[in-house]
Amino acid sequence: MKRILFILFLCCIGSGLAACQDEDHTVPTLPSENDPEINDPVVEFYDWEKNRTELLTSTDMVLLYGGGHHRTPYTWDKERVSSYIRYVDTDNQSHWLFDSFLFLEIMDTGTGGANKMFAKGYNLESANQADWTKLIDYYFQSETGIGALDASVKEASAILGTPRQKRQIVISIPEPIVYQHPEQASSSTKYWGKIDNQTLDFSNSADRIKACKWYIDQVRAKFNEKNYQHVELAGFYWLAEKATDTRDILNAVAIYLNKLKYSFNWIPYYGADGYNQWKSLGFNYAYFQPNYFFNESVPDSRLEDACQKALTYDMHMELEFDDNALNSRGKAYRLKNYMSAFKKHGIWEKKRLAYYQGSASLLTLKKSGNAADTQLYHEFCNFVISRPIRSSH
């Protein structure tokens, strides 16, 4: 799993969306929709929720990790994020780059961090309500995060003209981990916090669902408060990359999101439990991770197999790279292999793509100064902007 590989890399160095163009975008009918335990009372709809007739669509979603103190730099300011919005080619012509931005974080470690994890599997204490709140606050700062993105889109629009649709924001939902210390059998399940003055018990599925709905509503309220002009809240992302520990609550979260006209997104790793059941689990869009880039012992056939599995199970795909794509680190060929395989199998032409790029490895390539890195940067950006599926630019 690439997230774990990335953490191991940090430890080693000592530092702390459309498918086929005729795809049906209507809200799915989920099997537990009439279950009284999850059937919600009427909620207040914001204007953008009232006016939507279907889920929003995008083609190219880049992952922007942030919120953990181990990230350097810690924030996404306008200078950093602008390179993900507008691409300037070798002829000095400007283009819209990514049309969707996934804000997510897996843990908060490093100096000033809480030493908590937002998804199970990182050998840390589980994040609680206060940690979830801090993550939301991080995303919604005025000069960084979504605020910086909104300002950067405004600046790019002055050069490129108003895009056909606003840039889309997808926000990750932390995993409501059952135990405060998952490795300890006697660990508390009542560690997370309170809603309506009632302490939640995460041994109870209904309380885990309640926490997720609370988080979704906090994000919605923040988005409404900020009144962004150039970005829109399109959906939410499930941070847990396998279904094993959350299978019992996913349908309820999906139904709640779809009622509010938000998409429910997932990026399971290669071989993850439930990856081929993503539709019955309640997800609207699932992107399959090949997990090919990171380990050179993984053969080229992995890409072929991953593409075939994605097509078999009607999934979208994730393209993956990190700073090891630099010419000096020797893995540029693996990034090129993704692009070749995706074109060969029609993924590039007709499927949504998500882009995992380490913490900010696209910027690393852009600013490297090495001729081979610059060439790869332009090759990658052209791969993105020339996709036939794109219609939002």
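The values are calculated or read from the model by the stated rules, or taken from the named source; none is laboratory data. In this text, all values refer to a predicted model and were calculated from it rather than measured experimentally. So basically every Cβ, Gly included, is an ideal-geometry build from the backbone, and we count neighbours across all protein chains shown. The accessibility values were calculated without ligands, DNA or RNA, using every heavy atom of the protein model including side chains. Shrake-Rupley method; radii C 1.70, N 1.55, O 1.52, S 1.80 Å.
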Only listed residue being modelled with pLDDT of 95 or more and either open to solvent by 30 Å² or more (accessible area, probe 1.4 Å) or not assigned by the TED database to the domain that holds L335 (or both), chosen from G369, G358
G369
Tell me which residues, restricted to the range 59-81, are surrounded by fewer than 18 Cβ atoms within 10 Å (Cβ to Cβ) and among the polar types (S, T, N, Q).
T72, T75
The condition from (1) closer than 22 Å to K222 by Cβ; (2) surrounded by fewer than 20 Cβ atoms within 10 Å (Cβ to Cβ) that W132 misses is numbered (2)
With among the acidic types (D, E) and at pLDDT below 95 as the only criterion, which of D91, D77, D24 stands out?
D24
Yes/no for T109 being open to solvent by 40 Å² or more (accessible area, probe 1.4 Å) and among the hydroxyl-bearing types (S, T, Y)
no
Considering I173, I177, I209, which residue is in the same structural domain as A240 (by the TED database), of a type in the set (V, I, T), within 25 Å of V62 (Cα to Cα) and at pLDDT 95 or above?
I173
Collect the residues in the range 160-188 that are within 30 Å of Q93 (Cα to Cα) and either of a type in the set (D, E) or surrounded by fewer than 18 Cβ atoms within 10 Å (Cβ to Cβ) (or both), keeping them in residue-number order.
L160, G161, T162, P163, R164, Q165
Just one of (1) in contact with a Lys or Arg (Cβ under 9 Å, 6 or more places away or on another chain); (2) assigned to a helix (DSSP H, G or I); (3) of a type in the set (A, V, I, L, M, F, W, C) trips up A130, so point out which.
(1)
Just one of (1) surrounded by fewer than 18 Cβ atoms within 10 Å (Cβ to Cβ); (2) within 30 Å of V153 (Cα to Cα); (3) in contact with a His (Cβ under 9 Å, 6 or more places away or on another chain) trips up A286, so point out which.
(1)
